[in-house]
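Only one structure is covered here, and it is reproduced in the block below.
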Amino acid sequence: MYQTLLTEIQDGTFIITINRPDKLNALNKDVIEDLGKAIDEVYNNNDIKTVIITGAGEKSFVAGADISEFIELDANGGSALGRKGQEMVFNRIENSPKPIIAAVNGFSLGGGCELAMSCHFRTASENAKFGQPEVNLGLIPGYGGTQRLTQLIGKGKAMELCMTSDMVGAEEAKSLGLVNHVFPIAELLNETKKIAQKIQTKAPLAVAKVIACVNDAAKGNPNGFENEIVRFGECFDTGDKKEGTTAFLEKRKANFAGK
Ligand code: COA
């Protein structure tokens, strides 16, 4: 079904592995198309509860957009590329009602850093390296990097990283708030899966509302507080709220149906 991705569902966690290791998993047109289809699957397949995006091999998550596809592009072609990627993949990852975690297993540069940042949060292997090196190519980030890097690590550091093309290692990325956890590479996927599995025990509709509310805050949506009140209220009409509160009072584990 996919030319450039390996996918499997393990215990409700959909693992998407970008699979062009000979090109360090660079995002060419085919990868973007395939990621778009994989995100359709995330939205539409009820067997998928949580998602992990990672890269094939132990060297690279994604080393950027495929630079070989840039040579022929003019201004219109460049903005069309950025728009298509943002609309088809990056924004839909960010707005997915199901949690999507990036497990960053090596280089996460340019479009790779942008892909990781579009996910709801990130884990990284000890050898991971993050950067936005587009100015080396006479370009700027085009898949949301200037916006999401600023949201995640603040203006000053985002400016510096985008201007210098410097890479930051996993521990520094953690101290900046770009990644939440650093694991040895051999444990990255399993440890990330444990986090996904923990989230799967929680109320799915409430988790989806958390994503929407935190995204409002990150984007500086002026209606964020009001949206939180409305979504908080909506939770009270769900079966999940009934199950969660009843289970607490009955001193048992809740079993959520996502309804
Ligand atoms: N686009 C297209 N091909 C890429 C790529 C990219 N973003 N990143 C790596 N590749 C390819 C290389 O061209 C090479 O292909 P080849 O074997 O056919 O020559 C292969 O992947 C391996 O990369 P290589 O550069 O030989 O590995 P390295 O260990 O010497 O260096 C990097 C690793 C990540 C430092 C280096 O590949 C790099 O700087 N990549 C580009 C990063 C970038 O600018 N990304 C932003 C793009 S907007």
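Working only within region 2-19, note down all residues that are open to solvent by 20 Å² or more (accessible area, probe 1.4 Å) and at positive phi.
Once the filter is applied, which keeps residues that are open to solvent by 20 Å² or more (accessible area, probe 1.4 Å) and at positive phi, region 2-19 yields only ASP11.
If a residue has to be in a strand (DSSP E or B) and either without any contact (Cβ under 8 Å) to a residue 40 or more places away in the chain or within 11 Å of the ligand (Cβ to nearest atom) (or both) to count, how many in region 14-43 make the cut?
Total satisfying the criteria: 4.
Per-residue answers, yes or no, for (1) farther than 13 Å from PHE121 by Cα; (2) open to solvent by less than 70 Å² (accessible area, probe 1.4 Å); (3) of a type in the set (Ser, Thr, Tyr); (4) in a helix (DSSP H, G or I):
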| site | (1), (2), (3), (4) |
| --- | --- |
| THR146 | yes, yes, yes, yes |
| GLU171 | yes, no, no, yes |
| SER175 | yes, no, yes, yes |
| GLN197 | yes, yes, no, yes |
| ALA206 | yes, yes, no, yes |
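If you go through region 27-65, how many residues are under 24 Å from GLN200 (Cβ atoms) and among the charged types (D, E, K, R)? Lay out the reasoning, then the answer.
Keep residues of region 27-65 that are under 24 Å from GLN200 (Cβ atoms), which gives 35, 37-55, 61.
If we keep only those that are among the charged types (D, E, K, R) as well, we get 37, 40-41, 47, 49.
Residues meeting the conditions: 5.
Does ARG83 meet the test of being assigned to a helix (DSSP H, G or I), closer than 12 Å to GLY142 by Cα, of a type outside the set (Gly, Ala, Ser) and open to solvent by 50 Å² or more (accessible area, probe 1.4 Å)?
For ARG83, the condition - assigned to a helix (DSSP H, G or I), closer than 12 Å to GLY142 by Cα, of a type outside the set (Gly, Ala, Ser) and open to solvent by 50 Å² or more (accessible area, probe 1.4 Å) - is met.
Within region 218-229, identify whether any single residue is modelled with pLDDT of 95 or more, touching a Gly at 6+ places or on another chain (Cβ under 6 Å) and open to solvent by less than 80 Å² (accessible area, probe 1.4 Å), and answer yes or no.
No: zero hits.
Kindly provide the set of residues from region 95-128 that are buried (at least 24 other Cβ atoms within 10 Å of the Cβ) and either among the aromatic types (Phe, Trp, Tyr) or within 8 Å of the ligand (Cβ to nearest atom) (or both), ordered by number.
Scanning region 95-128 gives PHE107, LEU109, GLY110, GLY111, GLY112.
Tally up the residues in region 215-259 that are assigned to a helix (DSSP H, G or I), within 24 Å of GLU94 (Cα to Cα) and touching a residue at least 40 places away in the same chain (Cβ under 8 Å), please.
Taking region 215-259 and keeping what is assigned to a helix (DSSP H, G or I), we get 215-218, 224-235, 239-249.
Those still in the list that are within 24 Å of GLU94 (Cα to Cα) too: 215-218, 224-235, 240.
Filter once more, so that each one left must be touching a residue at least 40 places away in the same chain (Cβ under 8 Å): 215, 218.
So the count comes out to 2.
So which of ASP34, ASP22 ends up being exposed (fewer than 14 other Cβ atoms within 10 Å of the Cβ) and over 16 Å from GLU114 (Cα atoms)? Walk me through it before giving the result.
Working: ASP34 fails: exposed (fewer than 14 other Cβ atoms within 10 Å of the Cβ).
On inspection, the qualifying residue turns out to be ASP22.
For region 182-240: of the residues being out of contact with any strand residue (DSSP E or B) (no Cβ under 9 Å at 6 or more places or on another chain) and of a type in the set (S, T, N, Q), which is nearest to ILE100 (Cα to Cα)?
Per the criteria, the residue is ASN215.
Which one of the conditions (1) of a type outside the set (A, V, I, L, M); (2) open to solvent by less than 10 Å² (accessible area, probe 1.4 Å); (3) farther than 21 Å from LYS129 by Cα does PHE61 fail to meet, given that it meets all the rest?
(3)
The values are calculated or read from the model by the stated rules, or taken from the named source; none is laboratory data. Since the structure is predicted, the reported quantities are computational estimates derived from the model, not experimental observations. Glycine also receives a Cβ, built like all others from the backbone with ideal geometry; neighbour counts cover every protein chain displayed. Note: accessible area is taken over every heavy atom of the protein model, side chains too, but ligands, DNA and RNA are not part of it. Shrake-Rupley method; radii C 1.70, N 1.55, O 1.52, S 1.80 Å.
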